[in-house]
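Engineer: Have a look at this one before I ask anything.
The values are calculated or read from the model by the stated rules, or taken from the named source; none is laboratory data. Because the structure is predicted, anything quoted here is derived from the model rather than measured. Cβ coordinates were reconstructed from backbone atoms using ideal geometry, including for glycine residues, and neighbour counts include every protein chain displayed. Accessible surface is based on the protein model in full, side chains and every heavy atom, while ligands, DNA and RNA are left aside. Shrake-Rupley method; radii C 1.70, N 1.55, O 1.52, S 1.80 Å.
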Amino acid sequence: MCSSDLGWELAAAWLPAREVAGDYYDFISLEMTPDQAQKLGLVIADVADKGTPAALFMVNVRSTLRASMFDADSPVHGLTHVNQLVCADSHDGMFVTLFYAQINSMDGVVTYVNAGHNPPFLLRASDEEPELLTRTGMALGVDPSVMFTQHAVTLEAGDFILFYTDGVPDALNDAGQEFGEDRLRELALAHRGDSAMGMVSTIEATLKAHIGETPPFDDITLMALKRL
């Protein structure tokens, strides 16, 4: 999947371990700001389970998040409300890690909440090492009273954010070797001059070559955001 608009490029890949999955990603078109900048919400999430139960739980999370973020004063207020609703519907210890980012298309500011998810890589066109967008709260569905915080970064032309679920570094080959976060980081750095789709396609192809004929044991999701 690939989309390019408003000076930004987005691309994603989704590889379920079974016919249905507990991973998901979404692009949410939000309101125009007073200065006529478009706001876009991005989310990547991973339910702590696989198959049909995880997929059904994720459908609820997706619809709750989409409904909540349109009226939210900020990402942190929206995710706090989402967590309260998800906790009310969570059964059998099911929870979801989630990273939500809200983009201002005009000034390049990305405001985010990381709810217990794998830290995305922020790849600057001018830096040799990525910055990790670390956790700002715990996973959704565990504690309705939990407090989240939000952080913000500004992307300049050529900068990337690479989002992923834990199925990427945890992917095993037939020798039982993990793909690993170090390898993912090296690939991202080597291809940060590519398009968003080019980076996602390269990582996806390298992952598939690593996995080979080994049956996948976890869902895999990748998403790349680039400011043009």
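Engineer: Considering every residue within segment 189-196, establish whether at least one is more than 13 Å from Ala11 (Cα to Cα) and hydroxyl-bearing (Ser, Thr, Tyr).
Structural biologist: So far as segment 189-196 goes, no, none of its residues is more than 13 Å from Ala11 (Cα to Cα) and hydroxyl-bearing (Ser, Thr, Tyr).
Engineer: Next question, about the same structure. Every residue in segment 66-94 that is in a loop (DSSP other than H, G, I, E, B) and open to solvent by 70 Å² or more (accessible area, probe 1.4 Å), please.
Structural biologist: Hits for segment 66-94 are Asp73, His91, Asp92.
Engineer: From the list Thr214, Thr221, which residue is in a strand (DSSP E or B), among the β-branched types (Val, Ile, Thr) and in contact (Cβ under 8 Å) with a residue 12 or more places away in the chain?
Structural biologist: Of Thr214, Thr221, the one residue that is in a strand (DSSP E or B), among the β-branched types (Val, Ile, Thr) and in contact (Cβ under 8 Å) with a residue 12 or more places away in the chain is Thr221.
Engineer: State all residues of segment 119-132 that are outside any strand (DSSP E or B), at pLDDT 95 or above and either crowded, with 23+ Cβ neighbours inside 10 Å or of a type in the set (Ser, Thr, Tyr) (or both); if no residue qualifies, say none.
Structural biologist: Pro120, the sole residue that qualifies.
Engineer: Among the residues of segment 58-65, are any open to solvent by 70 Å² or more (accessible area, probe 1.4 Å), touching a residue at least 24 places away in the same chain (Cβ under 8 Å) and touching an Asp or Glu at 6+ places or on another chain (Cβ under 7 Å)?
Structural biologist: Looking for residues that are open to solvent by 70 Å² or more (accessible area, probe 1.4 Å), touching a residue at least 24 places away in the same chain (Cβ under 8 Å) and touching an Asp or Glu at 6+ places or on another chain (Cβ under 7 Å), one finds at least one in segment 58-65, hence yes.
Engineer: If you don't mind, another one. For segment 147-176, what are the residues that are over 15 Å from Ser126 (Cβ atoms), open to solvent by 20 Å² or more (accessible area, probe 1.4 Å) and of a type in the set (Ser, Thr, Tyr)?
Structural biologist: Matches in segment 147-176: Thr149 only.
Engineer: Residues in segment 203-212: is at least one basic (Lys, Arg) and either under 15 Å from the mean Cα position of the chain (by Cα) or surrounded by fewer than 19 Cβ atoms within 10 Å (Cβ to Cβ) (or both)?
Structural biologist: Yes, some residue in segment 203-212 is basic (Lys, Arg) and either under 15 Å from the mean Cα position of the chain (by Cα) or surrounded by fewer than 19 Cβ atoms within 10 Å (Cβ to Cβ) (or both).
Engineer: Do any residues in segment 143-161 that are part of a loop (DSSP other than H, G, I, E, B) have Cβ atoms under 7 Å from those of residues that are open to solvent by 70 Å² or more (accessible area, probe 1.4 Å) and not charged (D, E, K, R), where the two are at least six apart or on different chains, and which pairs are they?
Structural biologist: These pairs meet every condition: Pro144/Gln84; Val146/Met138; Ala157/Leu228.
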